Amino acid sequence: MRGSGERQDGAAWVLVSPALLLIGVFFVLPVIAGFLLSLTDFDIYAIGDPRVMRVVGLGNYHQILTDGDFWIAFRNTMVYVVLGVPLSVAASLGAALLVNAQRLRAKGLFRVVFFTPVVTTLVAVAIVWRYLYHPKFGLLNWGLSHLGLPTADWLGDPHWAMPAILLLSVWKNFGYNMLIFVAGLQSVPQELYEAADLDGAGAWQRFRHITLPGLRPAMLFVTVMTVLGNFQLFAEPYVMTQGGPLRSTVSLVMLMYEQGFRWWRMGRAAAIAFVLFALMLGATLLQIRTQRERST
Amino acid sequence: MRATRRGRGVRAGVALSALALASLSCAHASAPVHLRFWAMGREGEVVTDLVRDFERENPGIKVEVQQIPWSAAHEKLLTAYVGRSMPDVFQLGNTWISEFAALRALAPLGRNLAASAVLHASSYFPGIWATNQIDGVLYGIPWYVDTRVLFYRRDLLARAGVRVMPATWDAWRAAMVAVCRDQGPGHYAIFLPTNEWPQPMILGMQAGARMLVDDDTRADFESPEFRRAFHFYIGLFRDGLAPPVSNNQIANMYQEFARGGFAMVITGPWNIGEFRRRLPLELAGAWGTAPLPGPAGPGLSMAGGSSLAVLRETRHPAEAWKLVEYLSRPEQQVRFYHLSGDLPARVEAWRDTSFTHDPLTLAFGDQLQRTAPWPKVPEWEEISIRLQDQVERAVRGATTPDSALAALDRDVDRMLEKRRWLRARGRLAAETAGAR
């Protein structure tokens, strides 16, 4: 009995070993190497002559946390997460409800239209949006001025640059979450709605007490993934503003990129990566915990 | 590679008759050397014309040109170095030479130069040539030179009563005030993009600021010289002579210049061609170029430009040098100028009538007599961005000029910590000596 169990264990190890090996080589080892790197000041001088690399312990972390630039990037990223996630989730949920509505015709067409931005190249999208945001000739300011509203220099004003990027990325990405919500909506049993109808529940009550609880797994997945995605903001500001004006659109990943691949401070960049990892891990644990509390 | 190709050819030849044998002998005779050549931005675009003629002249060499965008050039070269995928020949901004020499990426070229019938040190602007020598070792051949001068609307300045371009800061400023008064609101005297660092740096160099001191291990932006230049620069925005906008914010610099939105701009030689192409025809005689004014009389400008460098570990050093020589011939330099607008590094090329008869490039020729390089440290890329950030902050009123400079010194000193450590251990000199 015991012997066969051991044999089974052995077989299991053989079966999972290719996967473990791959994870080890391509994930665990690089993460360990990255962490060790974050304890050194590996930089341009060390590339030329490895002997001038110094082990600085937690020095990089200390430098980062006392550097004004890091906190600017941190604040920008948090603004992007805190404003962007609810906006993005609301937009995708709204779109999902719309394209899933029973009375809607040409559902396929709308799904394709809403999903198109997700698969469009960001660089192409960014060029078009730069025209939309143009202070003098942009469509957005044209519309605002026709409505008698004040206009703004969207990408040139430090106050508006981040909201402008936020709007672009919500538009670009909501289609993906919409599909997940559509799948979630279709798994909510139709009988529940019929029963609610018989009980005289209105549209809001049906949404509040049937749709939302039915979507809970999808909601958890979508919010966690969106939070993780938003923490990694990079391509949009890189293409649209290069972090300006006044560094108002520098995100943590962009700071990491600058430190690592522009200034070649690999140690510092690795340390930023681990700070970001800690932030994302914390945020995710918090979310899962609040979701669990709500469901019990 | 070659052996297998021949083997396959023989088998094909036996089976398939004389036709295949003919093609076999062809492939066998040439087996051309493949050179990889990286050039940036516009240069990478137009150099293919020159390279095609080089290949015609040297049938045994095939050159694969790859164009690298300027904005990513530095990191691309560094990543290529680390990944051991550097090209055999490459364009290198001349302020990056010390850095890549320190990395031991560049082949010393002194011996090639001594043996060359085409190239002589005496045919280059001395200031520019010096930027290619690290501790007496030559690492690059200047390809084109770059400096900044003033482009201005002659008609607008004349209307404001300015007939001769001023040579001193005071007269320059007075001219700007006159233009603004004449043009009225919505118009500015000069466009100084808030996201560019060369302009404030040049003014600093003009005032005699060194910016980095103690073997470039300490920042000195708070020196009286730099402070003076910085106050002058920020004052131009504060007094409404320059618009507080970046390059990204202005829709089209050429249209604005044509409209009279501003009457002057400090920019480089590539814009002679752009201005000619993009400005309306009726403005053709209405704009000109002039050397930069200085604190008291004609001022310095920066010694920029690009060099051609050869990879230390290239497998084809002779062919690589041939390409460098070819691109450095005076007639190719003139041709390159016509294609790209980049000013030739060779003095002989300047004797061509395209320059002697062109008042627009004459200002550059004049300015090139007064140039100076900026600090040659690997950290300069990062320092220049900080400088730009602090200028932008001061321009937008987020901080005062003096506290902007204090912040700049503090940040830059932090960046230079490694250099101080290296210097204390005598490794800073070893860094360049080791590259020999």
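What follows draws every value from the coordinates through simple rules; no lab data is involved. Just so it is clear, the structure is predicted and the values come from calculations on it, not from any experiment. Positions of Cβ are backbone-derived with ideal geometry, glycine not excepted, and every protein chain shown enters the neighbour counts.
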Check your understanding: When the Debye formula is applied to the Cα atoms of the stretch A:58-295, each taken as the same point scatterer, what base-10 log of I(q)/I(0) results at q = 0.07 Å⁻¹?
Key -> -0.30
Point to revise | Residue of B:GLY299, B:GLY208, B:GLY136 that the Gaussian network model of chain B assigns the largest fluctuation, springs spanning Cα pairs under 10 Å | key: B:GLY136
**Study point:** Angle between chain B longest axis and helix B:330-340 axis [Cα atoms, degrees, rounded to 10]
**Key:** 60
Review point. Mean 1/r over all different Cα pairs, inverted: what Kirkwood radius does the stretch A:180-254 give, in Å?
Key: 15.2
Exercise for review: Take chain B, connect every pair of alpha-carbon atoms lying under 10 Å apart with a spring to form a Gaussian network, then pick out the residue of B:TRP421, B:TRP287, B:TRP38 with the largest mean-square fluctuation.
Suggested key: B:TRP421
Practice item. Please give, to one decimal in nm, the separation of the simple spin-label points placed at B:GLU45 and B:TYR254, each 7 Å out from Cα toward the Cβ. Key: 1.1
Review point. Quick one: what do you get for chain B if you divide its Cα Rg by 2.2 N^0.38 Å?
Key: 1.12
Practice item. Give the residue from A:SER187, A:LEU215, A:LEU286 lying farthest towards the positive end of the charge dipole for the stretch A:58-295; charges sit on Cβ (+1 for Lys and Arg, -1 for Asp and Glu) and the dipole is referred to the Cα centre. Key: A:SER187
Point to revise | Neighbourhood net charge (12 Å Cβ-Cβ; Lys/Arg +1, Asp/Glu -1) for B:VAL162 | key: +4
**Study point:** In range of the label at B:ASN247: residues from the stretch B:259-291 whose backbone nitrogen is under 11 Å from the point 7 Å along Cα→Cβ
**Key:** B:268
Review point. Given only helices, namely DSSP H runs of n ≥ 4 each adding -39500 (n - 2.57), what is the per-residue ellipticity at 222 nm of chain B, to the nearest 500 deg cm²/dmol?
Key: -15000 deg cm²/dmol
Practice item. Starting from the Cα of A:GLN287, step 7 Å toward the Cβ, then list every residue of the stretch A:226-261 with an amide N under 15 Å from that point. Key: A:226-233
Point to revise | Relative contact order (percent, whole number), the stretch A:58-295, Cα cutoff 8 Å, 6+ residue spacing | key: 29
Point to revise | Shielding by other protein chains, A:260-268, mean Cβ within 10 Å | key: 4
Exercise for review: Find out how many positive minus negative residues lie around B:VAL46, taking Lys and Arg as positive, Asp and Glu as negative, among other residues whose Cβ is under 15 Å from that of B:VAL46.
Suggested key: -2
**Study point:** Value of relative contact order over the stretch B:123-182, rounded to a whole percent, pairs C-alpha under 8 Å and six or more apart
**Key:** 23
Point to revise | Peptide-level mean, for A:43-53, of C-beta atoms on other protein chains within 10 Å | key: 6
Review point. Computed over the Cα atoms, what is the radius of gyration of the stretch B:271-391 divided by 2.2 N^0.38 Å, N being its residue count?
Key: 1.32
Point to revise | Separation in nanometres of the label points that stand 7 Å from Cα toward Cβ, at B:ASP402 and A:LEU22 | key: 6.4
Study note, to complete from the structure: Computed for the protein assembly as shown: size of charge dipole around the Cα centre, +1 on C-beta of each Lys and Arg, -1 on C-beta of each Asp and Glu, debye to nearest 20, value 1280
Check your understanding: What is the Cα coordinate range of the stretch A:59-157 on the first, second and third principal axes, sorted by size from largest, in whole angstrom?
Key -> 60, 34, 26
Exercise for review: With a point put 7 Å past each Cα toward its Cβ, work out how far B:HIS120 is from B:ARG351 in nm, to one decimal.
Suggested key: 1.0
Revision key, fill the gap. What helix-only [θ] at 222 nm does chain A give? Using -39500 (n - 2.57) per DSSP H run of at least 4, over all residues, to the nearest 500, the answer is -22500 deg cm²/dmol
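Would you mind calculating the relative contact order of the stretch A:76-188 from Cα pairs under 8 angstrom and at least 6 residues apart, reporting the percent as a whole number?
For the stretch A:76-188, the relative contact order is 40 percent.
Taking K and R as +1 and D and E as -1, what net charge do the other residues with C-beta under 10 Å from the C-beta of B:HIS231 add up to?
Spelling it out: positives minus negatives among the neighbours equals +2.
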Check your understanding: For chain A, modelled as a Gaussian network with Cα springs under 10 Å, which listed residue fluctuates most, A:ALA11, A:ALA126, A:ALA196?
Key -> A:ALA11
Check your understanding: Looking only at other chains, what is the average number of their beta-carbon atoms within 10 angstrom of each beta-carbon in A:56-64?
Key -> 0
Review point. Looking at A:THR66, A:TRP264, A:LEU144, which one has the Cα that reaches farthest to the positive end of the dipole of the stretch A:58-295 (charges on Cβ: Lys, Arg +1; Asp, Glu -1)?
Key: A:TRP264
Exercise for review: Quantify how much of the Cα-Cα distance distribution of the protein assembly as shown extends past 42 Å, in percent.
Suggested key: 43
